[in-house]
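Here the structure is laid out as structure tokens; the discussion comes afterwards.
Each value in this text was obtained by applying a stated rule to the coordinates, not by laboratory testing. All values reported here derive from a predicted model rather than from experimental measurement.
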Amino acid sequence: MLLKHMLDPTEIGTEMTMNALSNVSSQEGLFEKSLHDYEESSLEADAMDADGASFVAWGLLGKRWTLQIIIQLLARSQSFIELSKHIQCISESVLSERLKELERAEVIQRRVHNGRPVRITYHLTAKGLALEPVIKAIGTWSHHC
């Protein structure tokens, strides 16, 4: 019971939680690695990503509204107006910026349809479609937190 309270960051601050984990680790032997060792091993694993692709991916996907845009486009191709209606509270400038970033990263493709008026839709590329199981896994994981 005390351990659960010590690990609950909603009841105490994150720094205190980290200190509690360190104390539990050293005093009760519940954890094989200290937080410092864990952080070093994580950094080593990230360093194996020579071109930093995972950092770039997390930088893009971690931006506000990006996942909502991708989730909308997983359902179907949509226009700018449709996206802005489906993603409440996003400003047009932020939506435009995120769409450009996703297009540069080759996650989405902008398609211009001939006709009057000219219609532009956005759809996921193969790279974007490959995010579906990742997004589902994050959703599943979030229910266990």
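Residue-wise HN-Hα couplings along segment 128-139, as the Karplus relation 6.51 cos²θ - 1.76 cosθ + 1.60 with θ = phi - 60° gives them from phi, are x, 5, 5, 7, 4, x, 5, 5, 5, 5, 5, x Hz; Gly and Pro carry x. Under a 5 Å amide H cut-off, with hydrogens placed 1.01 Å from N, residue 79 pairs with 122 among residues at least 5 apart or on other chains. Using alpha-carbon positions, what is the distance between the centroids of segment 85-102 and segment 129-145, in Å? The distance from the Cα centre of segment 85-102 to that of segment 129-145 comes to 22 Å. Couplings 3J(HN,Hα) for segment 74-85, derived from phi with the Karplus relation 6.51 cos²θ - 1.76 cosθ + 1.60 (θ = phi - 60°), are 5, 6, 5, 5, 9, 7, 4, 5, 4, 4, 5, 6 Hz, where x marks Gly and Pro.
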